[in-house]
Amino acid sequence: MHSLGWLVAANLVGLWLGLSLLWPAAGNLLAPFTWGRWAPLHMNWQLYGWCALPLVGALLVWCFDGEQPQARRHARLALGAWSAALALGGVAWLGGVVSGKLFLDWYGWTRPLLPLAMVVLWSLLAWHIARQWPRLTRAGRFLRGGMLALLVAVPPVLFWATGRGMYHPINPDSGGATGAAVLGSTLGIITIFMFVPQFLGLVAVRGVRAFAVMLAASWIVFAVIDRGNVSHHGTVPIVALGTLLIWVPLLPLFWRCYAWPAGAKSWLVAAAVWWALLVVTGWLSFLPEISEAFKFTHALVGHAHLAMAGLITSVNAAILVAISRRPTPGSVFWLWQAGCAVHIAAMLGLGWGETRHVADLFRGEGWTQGLLAVRLAGGAAMAAASVRWLLIFLRP
């Protein structure tokens with residue numbers, strides 16, 4: 001319910017932003033809460049709320065002993081601290097306390113909020129793992145101990161990254177999203193996705209060792225290529241990023257190696273489709289001339305929604321089904337998928353048009369207004385699906 005609650009909140013803000021794009025004068029109704037104040041809420045609540053909390057839930061399932069009386073109380077404490085940080089952050093962002101750095105708006109008095117919530121979560125995970133330690137196998141100790149060692153670095157790194165001296169909003173020394181940067185971040189997502197069945201305690205029905213070998217090989221490619229300010233005109237970055245294409249079939253095949261609940265399978269099929277579109281279009285948009293044309297247009301925003309509203313949402317929905325053992329109604333599934341497809345198609349269309357007639361967007365020409373209306377309709381469908389989804393979970 002924490003996950004879906006933040007999804008609904010972020011979607012409603014996104015719906016208002018879509019309406020403001022179509023009718024800018026509507027923003028006057030809520031002045032001084034203008035576009036620049038609402039946008040951080042939409043993006044940060046989606047990333048740190050909806051995109052993150054189902055994975056937090058999977059960690060709680062993996063590390064908490066459900067037989068212990070403290071498990072439910074500790075889970076509520078961890079989730080409550082996380083949601084409190086998001087709520088307080090929203091108050092600050094709506095008040096204009098922002099850094100100007102996308103997804104790193106923990107600024108001023110909000111800077112320590114999410115790291116503190118992460119410390120609460122880590123401490124509770126460590127407490128439960130310590131209680132289980134004598135009963136764990138050697139492999140269980142290695143995996144849980146290694147996970148704690150990795151996660152302990154996240155709060156200080158996040159606090160450091162949100163500082164004024166790091167990742168400037170406008171950095172003339174940055175080469176942008178190089179092939180190595182995109183390859184590394186995507187491999188990180190693949191790695192997390194491959195641990196999710198383990199976190200959820202799903203039974204493996206086929207061997208997965210070959211997938212682990214392929215993942216290790218992909219990380220070796222990332223380790224040996226040049227990183228930093230590397231041009232997307234170079235052959236090596238293009239080829240290195242192209243190695244992700246092998247994961248278009250491999251990741252769905254890996255998911256099929258586990259016995260997912262029946263209600264999760266439709267979401268995993270949708271995730272496989274979005275994943276294929278994301279990787280293929282991501283590689284194509286990195287190529288010379290295509291990258292220059294689509295950079296800073298609605299097409300780039302559409303690609304981000306392809307990742308978050310398409311892939312991440314579908315995987316997170318499968319996680320929630322596995323945790324709750326409550327399948328999602330078909331109406332929610334299809335309304336979300338259709339709305340997402342319409343929303344992304346409208347933004348890709350806008351981006352394609354911007355590359356040829358950029359001034360039309362600022363003049364409010366008919367074709368741009370039409371596509372913004374289509375985008376709003378897609379967003380409304382996703383918002384409606386999320387509201388219905390949450391109401392279903394709130395039923396006794």
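Quick look at the values:
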quantity	calculated
Loop-located chymotrypsin sites (Phe, Trp or Tyr not before Pro) in region 261-322, at most 15 other Cβ atoms within 10 Å (DSSP)	296
Helix axis angle, 179-200 relative to the chain longest principal axis, alpha carbon, degrees	40 degrees
Shape call, region 192-282: gyration tensor on alpha carbons, a/c limit 1.5	prolate
Rg to Rh quotient for region 1-147, alpha carbon positions, Kirkwood Rh	1.10
Where GluC sites (Glu not before Pro) fall in DSSP loop in region 282-376, at most 12 other Cβ within 10 Å	289
Orientation-averaged projected area, Cα convex hull of region 200-396 (nm²)	13.3 nm²
Gain in span if fully extended, residue 362 to residue 304, counting 0.36 nm per residue against the direct Cα distance	18.7 nm
If the convex hull is drawn through the Cα atoms of the chain, its volume per residue in Å³	148 Å³
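Read-outs throughout are calculated quantities, based only on the coordinates presented, and are distinct from any laboratory measurement. Owing to the predicted nature of the structure, the values given are computational and were not obtained by experimental measurement. For neighbour counting, all protein chains shown are included, and Cβ atoms are generated from backbone atoms with ideal geometry for every residue, glycine included.
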